[in-house]
Structures are given as structure tokens and as C-alpha cells.
1. Of Ser57, His112, Leu261, whose Cα points farthest to the positive end of the dipole of the chain (charges on the beta-carbon: +1 Lys, Arg; -1 Asp, Glu; origin at the Cα centre)?
2. Would you calculate a helix-derived [θ] at 222 nm for the chain, using -39,500 (n - 2.57) for each DSSP H run of n ≥ 4 and dividing by the full residue count, to the nearest 500?
3. According to the square roots a ≥ b ≥ c of the eigenvalues of the Cα gyration tensor, what is the shape class of region 210-289, taking rounded for a/c under 1.5, prolate for a/b larger than b/c otherwise, and oblate for the remainder?
4. Would you mind checking the pairs Lys251/Lys289; Lys66/Lys266; Lys235/Lys273; Lys80/Lys244; Lys258/Lys311; Lys66/Lys132 and listing those with alpha carbons more than 26 angstrom apart?
5. Using a Gaussian network model of the chain whose springs link C-alpha atoms within less than 10 Å, name the residue from Lys291, Lys337, Lys15 with the highest mean-square fluctuation.
6. Take the alpha-carbon positions of region 24-272, form their convex hull, and give its projected area averaged over all directions (one quarter of the hull surface) in nm².
7. Taking square-rooted eigenvalues a ≥ b ≥ c of the alpha carbon gyration tensor, is region 87-142 rounded, prolate or oblate, where a/c under 1.5 means rounded and, failing that, a/b exceeding b/c means prolate?
8. Neighbouring Cβ atoms within 10 Å as the yardstick, rank Trp181, Trp333 fewest first.
Amino acid sequence: MSALMNKLLKSTKIKEASSLNESVLFTEKANITTAIPLINIALSGDIDGGLRPGLTSIAGPSRHFKSNYALIMASAYMKKYSDAIILFYDSEFGSPASYFEAAGIDSSRVVHIPITNIEELQFDLMGKLDRKNPDGIKRGDHVFILVDSIGNLASIREVNNAIDENSAADMSRARALKGLWRMVTPFLTLNDIPMVAIQHTYEEQKMYGKTIMSGGQGGMLSSDNVWIIGKSQEKDGTELLGYKFTINIEKSRYTREKSKLQVLVKFDGGISKYTGILDLAIEAGEVKKPKNARFQLVDPETGEMIGDIVKEEDTENEDFLGVVLKRPSFKEWVRNKFKVAQAKLLADDTE
């Protein structure tokens, strides 16, 4: 280390300061791999990846599986760290203890904090994240923050106006939300903890409008991941079997934006570990359909079809799609298709 570098580091009052190549903020990020490979791909562009510290926003209309995605991530976090705690900020009261327990989460390790306005969330959360607070969260503490939901929260001024029977329009909500994200997000990285916020959406009022996450640009700018969730029916003839929930990657630091991944949730079986993998395996050339509605594995080295020809419902097991998920060739194909590449900033011949 040069004398100048040493002098500058000694003179800073910020304890996390270090040379970039030794910064714990870049070299020691936690990776939380969930039980659902397709969700890992959506979060990181990698089957073996997953959730990382920072803000993940999941947005969509009501009954679009948003909270369930968050609980799958929270469950993986709790399994990775036996001492982990969930901070659950609840404004909708639609996720009782039974929901957490169904996801494999011990509800006695969940701190339930009911909130009624944005400022309540802001003050309580910042109090816990404040590095000067001796009882606050420190780096090394295993905490998963879940807010369900941001979209349903009013500002304190809006609440007080209603109590006072004041019909004046409230213009403070967007400013309060932007302030919340501006204050919270640096502490998530500094403390190496993930936060998942459930958001709402609205339709842009244009001829070719798109679905947009509500709450202004603050949440979009601060989020590491933004998912917009779509929904369609899964039927057998006229019988409704469940729903397909499409994860639209609106923003990501890790997964290619505008990627779309479909998660099938059946009424009689819930979400399968192998959901969405068959379609990717066919696209990657790891599986082929030699007959209508039948599937067979492909040898990635020779291109020859191997093993038994099976029905679609018989692909979701360790002997079929489990084999594909373990193949280095398939993992590499997924990374090439979905992962954000770290390309050179300048060409080799740039002077």
C-alpha cells in the first residue's frame, strides 16, 4: 500500500473505508439460494445463485403470489442461518402465522410489527438500522426484512387529514416514500441484509402504456431487483388447475432485464421445485420431445437421446429434471441467457 493511500485511509472517519479490492462490501456478499431454481434464476441469473443483500421489490395486483415469493426467500434465509430473525412490517394483515409456517418458517422467530403509515415504517426501521443505536442491527446480525405492503401505506399527513375531516389533497406520500428508500438502502448493504418489499402496480395512461410499480421513482431507483408479476390460468380443458405467475424482470443488477420466467402453482400441489425448468431444458437442447406430449433426456456431449420417454408429469423428479439441473452445460446455458455480463468498459484498442 502506498504512503498516500495509507494516509488517506487513516484520515477518514468512516470505519468501513478500505482499498476497493479489500472492501467487505464487495467481497463478502451473502448469497441465499432458495429451494426453487427458477426463483434463483430470476434473482441472480444463476441456478446456484439467489437472493443477495439489498432491496428487492415485488409488484403486482392483488392475489398474484407476491407474498409467497417473499416467504420462499425468507424461508431460505432462515434455513441458511439458524439464528436469523425476520422483521415483518405488516400493513395488510393478510399473512397470518400459518402462512409463515406453511413456508417452513418458525413463527416464533418472526418479529411482527403492524404499521399504519409510511412514517411509522421509516422511523422504526431507521431506528433499528442506525449504527449509533447500541440495540440496532449490526453487520453480522442475520436479519431478513419483509414489508407487506408498501403499496397499501398512507402518509401520516393523509391519515391525520382523514381524522381531522380535512379533504385537502395529500402531496406528501411520494416524498415520504422517496425519503424512506433514500435512507434505508445504504444500510442494507452496509449491514449485509436483504429487504423484500411488496408493492402495487398501475397501468400507464398512454396509448401503448405499460404496467408500472406504484410509489414513484424512489423505489425503482433504490431496488436491486424489481419484479412485475403477471397471472394467467392453467387449465385442463375447462377445468381450472391453478395459475401461472410470470416474473417480469423490470430491473435487476444481476439478471437481464425484460426476462420472463413462469412459475406454475397448482391447487392440488402448490409450487414444484422444478417449475419452469422443462421449457428451459428444451430450449437449451438438454431435453427433446420425440413424441407429442412426451419427453426424453439428451446427452449433452453426443446429442443423442438417452433414457426413457416420459410424460410431462413424470419429468418433475430427480431422475429427469434433477439430472438436467446438475449438468454444468445447462448451468452455463442459463448463465449465458439470463445473467448480466460484466463486459469491458473500453475496447482493447482504445487509447
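1. Positive-most Cα among the choices belongs to Ser57.
2. Details: 12 runs with 112 residues, N = 351.
Calculated at 222 nm, the ellipticity per residue is -9000 deg cm²/dmol.
3. On the way: a/c = 2.74, a/b = 1.52, b/c = 1.81.
Oblate.
4. Working: Lys251/Lys289 34 Å; Lys66/Lys266 16 Å; Lys235/Lys273 20 Å; Lys80/Lys244 28 Å; Lys258/Lys311 31 Å; Lys66/Lys132 34 Å.
Pairs exceeding the cut-off: Lys251/Lys289; Lys80/Lys244; Lys258/Lys311; Lys66/Lys132.
5. So, out of Lys291, Lys337, Lys15, the one fluctuating most is Lys15.
6. Working: hull surface 63.0 nm².
Spelled out: convex hull of the Cα atoms, projected over all directions, averaged, 15.7 nm².
7. Values: a/c = 3.71, a/b = 1.38, b/c = 2.69.
Here region 87-142 falls in the oblate category.
8. Ranked by crowding around the Cβ, least crowded first: Trp333, Trp181.
Values quoted throughout were computed directly from the atomic coordinates according to the rules given, and no laboratory measurement underlies them. Values in this document were obtained by computation on a predicted structure and should not be read as measured data. Neighbour counts run over all protein chains shown; Cβ positions are idealised from the backbone, glycine included.
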